[in-house]
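Below is one structure, written out as structure tokens; the observations come after it.
The values are calculated or read from the model by the stated rules, or taken from the named source; none is laboratory data. No experiment lies behind these values; they were computed from the predicted model shown. Methodologically, a virtual Cβ is constructed for each residue, glycine included, from the backbone with ideal geometry; neighbour enumeration extends over all protein chains shown.
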Amino acid sequence: MIFDHHGEPVRTGRAAINGTSLHYRTSGSGPAVVLLHGVPKTSYHWRHLVPKLTPHHTVVAPDLRGLGDSARPADGYDSATMSDDIAALMDHLGHDTYSVIGEDWGAVIGYQLAARHRAHVDALVFAEALFPGFGFEDHTALTHENVSSGMHLWHLGFYFQPDVPEMLITGHERELITYMIKYERSRPDTATPDAIEEYVRCYSMPGGIRAMLSIYRAMLVDAGHDLAEEVPDEMADVVLPFLAKQQV
């Protein structure tokens, strides 16, 4: 459960938008901010940030398409479609303009959200993200430099294989998620048990791993979207490519 600055549980809801159904959390008042989580996480990732924002902002933290407690449709896992999900959700909730904060794949989707719906996005902040089309793919190669720097993204090639990752991961969601969450941060002990339990719960549900893999498998499509779109300089607070070590 996520709490606001008063210690009260945030509101939860579900919206049927853009051909799918998104679960979201919302609380606070003031200018709207939408928080976009990464993989293998859910909107629970933002539990520490939400109470810091709710005194001054209306916070919306959705579970991305296919993840968390959102629906798991068969397709639509490219970043452009998933950004359209968020734009439709914010319109559904009555927010005409809003700021966007994204991390990991949430940042990739946030970039597309700002590019495709720039009339509605007044600020964009992202971290812990490498972007398809801007060098992300370079780190998939098994080179001495990638391995020695810790930037060999071995899992991308694995996830791209049809059927085999689903076969090997199913029944071992806890082991994979624990490894990925702890490995991606400089202080592994900050990966709290409650967060890992929540992520394991969601990714172990029917279709959870398939949806996660579908996001990665759309990466080459995402590269084309990213290269075709451009976010206005005054909107983005970004160093690209950038990989921040997760601390919360």
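A few comments on the model shown:
- Residue list for region 1-32, restricted to those being under 22 Å from VAL121 (Cβ atoms), out of contact with any Asp or Glu (no Cβ under 6 Å at 6 or more places or on another chain) and of a type in the set (S, T, N, Q): THR20, THR26, SER29
- Condition check for ALA141: under 27 Å from SER29 (Cβ atoms) and either out of contact with any Phe, Trp or Tyr (no Cβ under 8 Å at 6 or more places or on another chain) or touching a residue at least 12 places away in the same chain (Cβ under 8 Å) (or both): no
- Within region 162-189, considering residues that are among the β-branched types (Val, Ile, Thr) and closer than 17 Å to CYS202 by Cβ, the one surrounded by the most Cβ atoms within 10 Å (Cβ to Cβ): ILE177
- Check on SER70, more than 18 Å from the chain's Cα centre (by Cα), among the small types (Gly, Ala, Ser), more than 20 Å from ALA129 (Cβ to Cβ) and crowded, with 21+ Cβ neighbours inside 10 Å: no
- Of all residues in region 115-143 being modelled with pLDDT of 90 or more and either part of a helix (DSSP H, G or I) or of a type in the set (Asp, Glu) (or both), the one that is surrounded by the fewest Cβ atoms within 10 Å (Cβ to Cβ): ASP122
- ALA87 vs. criteria in contact with a His (Cβ under 6 Å, 6 or more places away or on another chain), surrounded by 18 or more Cβ atoms within 10 Å (Cβ to Cβ) and of a type outside the set (Val, Ile, Thr): yes
- Pair list, Cβ under 7 Å, 6 or more apart: region 92-114 residue buried (at least 24 other Cβ atoms within 10 Å of the Cβ), other residue part of a helix (DSSP H, G or I) and acidic (Asp, Glu): VAL108/ASP222; TYR111/ASP226
- Residue in region 39-49 that is in contact (Cβ under 8 Å) with a residue 24 or more places away in the chain, at positive phi and part of a loop (DSSP other than H, G, I, E, B) present: no
- Where ARG185 falls short, out of the listed (1) of a type in the set (Lys, Arg); (2) part of a helix (DSSP H, G or I); (3) in contact with a Lys or Arg (Cβ under 7 Å, 6 or more places away or on another chain): (2)
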